[in-house]
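Report on one structure; see the data block that follows.
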Amino acid sequence: MCGIAGIFSVQGLADEVSDHLEAQLKTIVHRGPDGNRCHIEREKGLAMGHVRLSINDLEGGQQPLHSQDKRYVFTNNGEFYDFKYLRSNLMAEGERFSTKSDSEIALGLYRKMGVEFTRHLRGEFAFALYDRTEDELLLLRDRFGVRPLFYWVSPDGKTLIYGSEVKAILAHPAVPARLDRRAALHQMMQTIAPGMSAFEGVHSLAPGHFLRIRKRGVKLDVNSIRYWDFDFPEDEERKSSLLDPKEYIEQVRHELVRSIVLRLEADVPVGCYLSGGIDSCSILGLATGAMQSPTKAYTIAFDDDAYDESPIAKEMAESMNADQELIRLQAEDLYGENYIKTVWHAERTFYNTLGVAKNLMSKRVWESGYRCVVTGEGADELFAGYPAFKRDMFLHGLKGEAPEVRAEYQAALERTNQLFKGAILAENQRSHPSWDQICGFTPSWIQPWMDTLDLARPLLSDDLQDELKEYDPIAEIADRLDASMLEGRHPLDRAQYTWSKCQLEGQILNWGGDRVDMANSMESRPAFLDHHLAEIAVKIPPNLRIHGNVEKYVLREAVRGVLPEVLYKREKFAFMAPPAHTDENKRRKVGELIGDFLNAGMVADAGICSPERVTQFLDEYKVDQDPTSLVRKDTLLNHLLCLHILHHKFVQA
């Protein structure tokens, strides 16, 4: 795990390029505290930098890496699994390696196969590969977007600047630091459109894509190419390839075990994150079997019983004889400077302080001597775990069920998710023509954020309201999705696909994953987001992903042997930190942030919102007593705070 940054231009680079690249790398040193190296060819317009976190080949894995023939230069952020097998095969064909690093296999595979090498790359990665003969650069990101990668193209089209984090791009003097005004509205309503960042002109490379950047006269030719997608079979194809349920269960168990075992490979100790959910508990159980020894497990404990899953996590840890460490968090931990630092690392807004909590958990992992953990992100995306998926299944996907059965299922879902109304589930059904057109319905996961948008848009400044009066952020998100990936698919497939393209990459793997883990130089490895496992998961029939009223049915059965009975039978519970309105200490601490970042002067300086209308919103928030309304206003309050912290940290700085 590391960080990368660089520059590619149609013209030669200035004498100061080494200083510019060093400034870029300095901003992401938290991603790689163990080394800093560069490769610069000024006359070719190339500068590639790398900061290293040593996980494999601790002594000899420094980057940039060079191919045997010196044609290719390579920098990688992430891990390639099964690399020993691939190294052996490549060596049998005459390839030789200068390190023991997993990263070097990409060079051997590319020399042999060109861009077809992507089908052999298994893991979480974002890398740059320069071909000195063709004078072209590849930027490539893993299939689900576990590892971040951003880029900026100069207005004249002559220069591209890239980095693992936006701050590495903004550190270059050619790049202006300005919040994107459309992205600001998206963040206030929770969902950034695919490819957006919070900053003007800075783009996020799409998961499962690579950029091929070539020189064409006086400009760069920047071409985005998809090499993989989360591809559900069309209904007719699914009907012709159905298996016995036991076969799906066996396939999932086999591939999940394989994925976990591969992610335990490292030259440093590997632990596990552990909550009270099936996902992380199954990771711990299967990892314990693979390691044949007690596993180190880290668990967040909140100071509110309604949100605290640590008792169930403790039961799981005890059943596996794990070495569990509880990180107990209160209001003083979740707000203040920890909140501000998390925003700086995430580079986007968040709706809940869970990201702050995970930042503090990764800090504790590092302090305890671990640099790597296996995590449970992605299971809900693959196996249909979220309440919104169940709602869409009950409303749109159970054509053969009696109406009274569907009504019973839905009533149970609403009862068990009362705590999260306003954030996870909308209390009233919403629809939007752009989503109805591509999905046949408006997915339940986006509906609460449509409600939040109704609260957020009136808070915009007068000039921004005028600028965006014709702009529809809900339609923009839909328009950026590939509608062909939804045609002919089951409603549950459509819900899972659209969520994964928006919420998984934009928030769960951002402020809930890589960005807060790497804030403390700690590598997380989400075992469920392995493309071999995903390619099995998409083939599971919808009625086995959600079986009756049971979500993630196939996964539950696949890992039943390592789960306590209470967990095997437990319904999905959203992992969230207690919102600010839930106790007086949190209200007081969030009030301090409001005083610092949502005062009239700060709001006016940022120019996104109206100071008067923000003040009115805050006054209404303070006296609100409705639980659902408070949950929604808490989410918007967090987004407002984060947005103005971003302005303070990146634009004003």
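What the table below lists for this structure:
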{"quantity": "Unsatisfied cross-links (Cα-Cα over 31 Å) in the set K314/K586; K158/K341; K26/K215", "calculated": "K158/K341"}
{"quantity": "Alpha-carbon Rg with Dmax, taken over region 278-378, Å", "calculated": "14.3, 41"}
{"quantity": "Accessible area (Å², per residue) of region 260-348, counting only protein heavy atoms and a probe of 1.4 Å", "calculated": "35"}
{"quantity": "Cα principal axis extents for region 327-415, largest first, Å", "calculated": "54, 27, 26"}
{"quantity": "Of the trypsin sites (Lys or Arg not before Pro) in region 361-433, those whose Cβ has at most 15 other Cβ within 10 Å and which sit in DSSP loop", "calculated": "K399"}
{"quantity": "Average accessible area per residue (Å²) across region 29-138 - probe 1.4 Å, nucleic acids and ligands excluded", "calculated": "38"}
{"quantity": "Estimated vicinal HN-Hα couplings, Hz - region 379-388 in sequence order (Karplus 6.51, -1.76, 1.60; Gly, Pro = x)", "calculated": "5, 5, 5, 6, 10, 6, x, 7, x, 4"}
{"quantity": "Estimated FRET transfer efficiency when R0 is 41 angstrom, pair D479-E332 (beta carbons, to 0.05)", "calculated": "0.45"}
{"quantity": "Under-5 Å amide H pairs with R525, H placed in peptide plane, nonlocal only", "calculated": "V373, V374, T375"}
{"quantity": "Local net charge near S240, Cβ-Cβ under 14 Å (Lys/Arg +1, Asp/Glu -1)", "calculated": "-1"}
{"quantity": "Environment charge at M522 (Cβ cut-off 13 Å; Lys +1, Arg +1, Asp -1, Glu -1)", "calculated": "+3"}
{"quantity": "Tensor-based shape of the chain (alpha-carbon gyration tensor, a/c under 1.5 rounded, otherwise prolate or oblate)", "calculated": "rounded"}
{"quantity": "Cα convex hull volume per residue for region 413-470 (Å³)", "calculated": "85"}
{"quantity": "Percentage of interatomic Cα-Cα distances in region 475-601 larger than 19 Å", "calculated": "69"}
{"quantity": "Normalised contact order of region 150-303, rounded percent, pairs of Cα under 8 Å and 6 or more residues apart", "calculated": "13"}
{"quantity": "The chain: relative contact order as a whole-number percent, Cα under 8 Å and 6+ apart", "calculated": "17"}
{"quantity": "Shape category assigned to region 263-317 from the gyration tensor of Cα positions, a/c cut at 1.5", "calculated": "prolate"}
{"quantity": "Relative contact order, percent, region 256-364 [alpha-carbon distance under 8 Å, six or more residues apart]", "calculated": "22"}
{"quantity": "Where region 504-549 is the region considered: accessible area per residue in Å², 1.4 Å probe", "calculated": "18"}
{"quantity": "Region 97-191, accessible surface, carbon-and-sulfur percent (1.4 angstrom probe)", "calculated": "45"}
{"quantity": "Note, ³J(HN,Hα) from phi for region 576-582, Karplus 6.51, -1.76, 1.60, rounded to Hz, x at Gly and Pro", "calculated": "9, 7, x, x, 5, 6, 7"}
{"quantity": "Solvent-free Debye scattering, log10 I(q)/I(0), computed from the Cα coordinates of region 198-276 at q = 0.11, 0.22, 0.25 Å⁻¹", "calculated": "-0.70, -1.11, -1.18"}
{"quantity": "Share antiparallel - DSSP beta bridges, the chain, percent rounded to 5", "calculated": "75"}
{"quantity": "Tensor-based shape of region 1-79 (alpha-carbon gyration tensor, a/c under 1.5 rounded, otherwise prolate or oblate)", "calculated": "oblate"}
{"quantity": "Net charge dipole size for region 510-653 [Lys, Arg +1 and Asp, Glu -1 on Cβ; Debye, nearest 20]", "calculated": "460"}
{"quantity": "Electrostatic dipole magnitude of region 542-610 [Cβ: Lys, Arg +1; Asp, Glu -1; Cα centre; debye, to 20]", "calculated": "420"}
{"quantity": "³J(HN,Hα) computed for each position of region 34-47 - Karplus, 6.51 cos²θ - 1.76 cosθ + 1.60, integer Hz, glycine/proline x", "calculated": "9, x, 8, 9, 9, 10, 10, 10, 4, 5, 8, x, 10, 9"}
{"quantity": "Sorted largest first, extent of region 561-614 alpha carbons per principal axis (Å)", "calculated": "58, 25, 17"}
{"quantity": "Long pairs among K399/K501; K100/K246; K501/K589; K421/K649, criterion Cα-Cα beyond 28 Å", "calculated": "K100/K246; K501/K589; K421/K649"}
{"quantity": "For region 166-319, the spread of Cα positions along each principal axis, largest first, Å", "calculated": "62, 51, 38"}
{"quantity": "For N56, residues with placed amide H under 5 Å, excluding near neighbours", "calculated": "D267"}
{"quantity": "Local net charge near R212, Cβ-Cβ under 15 Å (Lys/Arg +1, Asp/Glu -1)", "calculated": "0"}
{"quantity": "Viscosity 1.567 mPa s, 4 °C: Kirkwood-radius Stokes-Einstein D of region 554-653 over Cα pairs, µm²/s", "calculated": "80"}
{"quantity": "CD proxy at 222 nm, helix term only [per DSSP H run n ≥ 4: -39500 (n - 2.57); per residue of the chain; nearest 500]", "calculated": "-11500 deg cm²/dmol"}
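The values are calculated or read from the model by the stated rules, or taken from the named source; none is laboratory data. No experiment lies behind these values; they were computed from the predicted model shown. Counting neighbours? That spans all protein chains shown, and the Cβs are built from the backbone with ideal geometry, glycine included. Areas reflect the complete protein model, heavy atoms only, side chains present, ligands, DNA and RNA absent. Shrake-Rupley method; radii C 1.70, N 1.55, O 1.52, S 1.80 Å.
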